[in-house]
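Chemist: Take this structure, written in structure tokens, and hold onto it; I'll ask about it next.
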Amino acid sequence: MADEDAGRSRPRESPRERDDDPGFRFSLPPISLPEMQLPERIRLVFPVPDPPEKVSRPTRVKVSWVLLVVVLVDVADALAVGLGGPATLPWVRAAVGVLLSAVLVGGPGLLYAWELLAILGGFGTLSVAPTLTVLVLARIVLSS
């Protein structure tokens, strides 16, 4: 019997057969609303959202300007070592160099601290090396 029912579909009920169903039913007649107009003194005002804030584009700096600034910082560092000796403000020079190299190069910029270690180790003349320029050039070459 189950095999016989599986192949057959139930016949569709006609609307009249559905109306004969004793279950609860509710229906509405078609409704049309009258045309409505608001008086002139009443106006609808829709809130207008504020325009979105303008996002400024990040400022692009040319690589040549960055290299120029880095070379000038290395030249100023070399002049401080040449004129005042390697013991001239080693902590300040190292702090400024590490800060600049960390900003411009990222994590590898911390390698600039070797200049302070060279000064503290007694090899202060090595701090004349253009470490910041080398680090920035390495960053430019490796990012290309």
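The values are calculated or read from the model by the stated rules, or taken from the named source; none is laboratory data. This one's a predicted model, so the numbers in the text were calculated from it and none came from an experiment. Ideal geometry is used to build each Cβ from the backbone, glycine not excepted, and the neighbour counts take in all protein chains shown. Heavy atoms of the whole protein, side chains included, go into the accessibility calculation; ligands, DNA and RNA do not. Shrake-Rupley method; radii C 1.70, N 1.55, O 1.52, S 1.80 Å.
Chemist: Being in contact (Cβ under 8 Å) with a residue 12 or more places away in the chain and open to solvent by 70 Å² or more (accessible area, probe 1.4 Å) is the requirement here; does W65 meet it?
Modeler: So W65 does not fit the description; no.
Chemist: Would you check if there is a residue in the range 49-56 being among the aliphatic types (A, V, I, L, M), surrounded by fewer than 17 Cβ atoms within 10 Å (Cβ to Cβ) and not in a loop (DSSP other than H, G, I, E, B)?
Modeler: No.
Chemist: Let me ask you something else. Spot the failing condition for V103; the list is (1) over 21 Å from S64 (Cα atoms); (2) open to solvent by 50 Å² or more (accessible area, probe 1.4 Å); (3) of a type in the set (A, V, I, L, M), and only one is missed.
Modeler: (1) is the only condition that V103 fails.
Chemist: Within the range 106-144, take every residue that is under 26 Å from the mean Cα position of the chain (by Cα) and hydroxyl-bearing (S, T, Y) and give me the one that is most open to solvent (accessible area, probe 1.4 Å).
Modeler: The extreme case among them is S144.
Chemist: Sticking with this structure for a sec: If I ask for residues that are part of a helix (DSSP H, G or I), within 14 Å of D77 (Cβ to Cβ) and not hydrophobic (A, V, I, L, M, F, W, C), which ones from the range 87-144 would you list?
Modeler: P90, R93, G97, S101, Y112, E115, G124, T125, S127, T131, T133
Chemist: Can you find a residue that is among the small types (G, A, S), part of a loop (DSSP other than H, G, I, E, B) and modelled with pLDDT of 80 or more anywhere in the range 59-81?
Modeler: No, the conditions are met nowhere in the range 59-81.
Chemist: Could you please let me know if L44 is touching a helix residue (DSSP H, G or I) at 6+ places or on another chain (Cβ under 9 Å) and open to solvent by 100 Å² or more (accessible area, probe 1.4 Å)?
Modeler: The answer is no for L44.
Chemist: Pick from the range 70-93 the residues that are surrounded by 14 or more Cβ atoms within 10 Å (Cβ to Cβ) and of a type in the set (A, V, I, L, M): which of them is nearest to A118 (Cα to Cα)?
Modeler: Top of the filtered list is V81.
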